[in-house]
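Taken together, the values in this text are just the output of simple stated rules run on the coordinates, not laboratory data. If you're wondering where the values come from, they're calculated on a predicted model, not measured in any experiment. Neighbour counts are summed over all protein chains in view; Cβ atoms, including those assigned to glycine, are modelled from backbone coordinates with ideal geometry.
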Amino acid sequence: CDSLVKIYKTKEVEVLALQGLDLTVNRGELMAIIGKSGSGKSTLMNIVGGLEVPSAGRIIVDGQNLAEFTERQMVQYRKKQIGFVWQKSGRNLFPYLTSLENIEAPMLAIHKSAKKRREKAEELLALVGMEHKRDSYPAQMSGGEQQRVAIARALAKNPKVLLCDEPTGALDYNTGKAVLKLLQNTCRKQGKTVIVITH
Ligand code: ADP
Ligand code: MG
């Protein structure tokens, strides 16, 4: 990120959410971002993830200048290159799909074969230690378990970058710590670049 600026304009006011942010995250690095509420953390994530466009400045991901993407390329970028893990389980997992199905879903666009999707989903479930909940629905799991499945789901499309916006924000201290540890270990194993907002 090179001098990133984001201004949100609403009818009455302008909010300066980012005022010239410079940031380099190396490939394979896990970076944690801490900051008080309203300091622009989610704004940064949304820009890196291609959900928001900066008002000024440059953002380059793996050599790609996001400002040069067409709308179509941006959709492909979000779909294939970025994995998201949000604080709220409802934004990570479909309530009416099982753990296994939730992990398979993002692969529909990538692996044609159902057998391959299943194999990969089972592998990822094992990676996050949730094999025993393969047929459970989100409502049948604890918050920490849901976030483990959410991490597996985010990794399913083999993204270049994993963006986690307060993934432990709704968890108690110890559960949150375990989820962060899992994130750290799995991403190190898979050589993923991770940005995680935490507090
Ligand atoms: P954080 O994630 O660090 O709490 P945010 O990035 O969500 O901070 O917000 C930064 C600032 O931008 C806040 O003042 C917030 O109110 C404002 N903001 C965020 N999103 C919008 C939006 N879509 N429209 C207007 N203002 C916004
Ligand atoms: Mg936020």
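At a temperature of 4 °C and a viscosity of 1.567 mPa s, determine how fast the chain diffuses translationally according to Stokes-Einstein, using the Kirkwood radius over alpha-carbon pairs as Rh; express D in µm²/s, rounded to the nearest whole number. Write down the numbers at each step before the final one.
Numbers: Rh = 17.5 Å.
For these conditions, the coefficient is 74 µm²/s.
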- A56 long-range amide H proximity, modeled H, under 5 Å: V5
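Determine, for H111, H199, the number of other Cβ atoms within 10 Å of each Cβ, and report the residues in order from fewest to most. Please report the intermediate quantities before stating the final value.
Details: H111 17, H199 13.
Ordered by Cβ neighbours within 10 Å, fewest first: H199, H111.
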- Note on the structure: Distance in nm between Y137 and K112 label points, each 7 Å along Cα→Cβ, equals 3.4
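Report the charge-dipole magnitude of the chain in Debye, nearest 20, computed about the Cα centre from +1 at each Lys and Arg Cβ and -1 at each Asp and Glu Cβ. It would help to have the intermediate numbers written out before the result.
On the way: 30 positive and 20 negative charges, 101 e Å.
The calculation lands at about 480 debye.
Could you work out the helix-only [θ] at 222 nm for the chain, with each DSSP H run of four or more residues adding -39,500 (n - 2.57) and the total divided by the number of residues, to the nearest 500 deg cm²/dmol? The partial results should precede the final answer.
Working: 7 runs with 69 residues, N = 199.
Taking each H run of at least 4 residues, the total per residue is -10000 deg cm²/dmol.
Quick check: residue separation of T24 and K181 times 0.36 nm, minus the Cα distance between them. What number comes out in nm? Before the final figure, lay out the partial values.
Details: separation 157, 0.36 × 157 = 56.52 nm, distance 2.27 nm.
Extending this stretch completely gives an extra 54.3 nm.
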- What number comes out for the charge environment of R188, summing +1 per Lys or Arg and -1 per Asp or Glu over other residues with Cβ under 14 Å away? +3
- Query: Suppose R0 equals 22 Å; then what is the FRET efficiency for Y8 and N65 from their Cβ-Cβ distance, rounded to the nearest 0.05?
  - Reply: 0.45
- Item | Label-point separation, E123 to S39 (7 Å along Cα→Cβ), nm | 3.8
- Centre separation in Å (Cα based) which lies between region 15-83 and region 130-198: 20
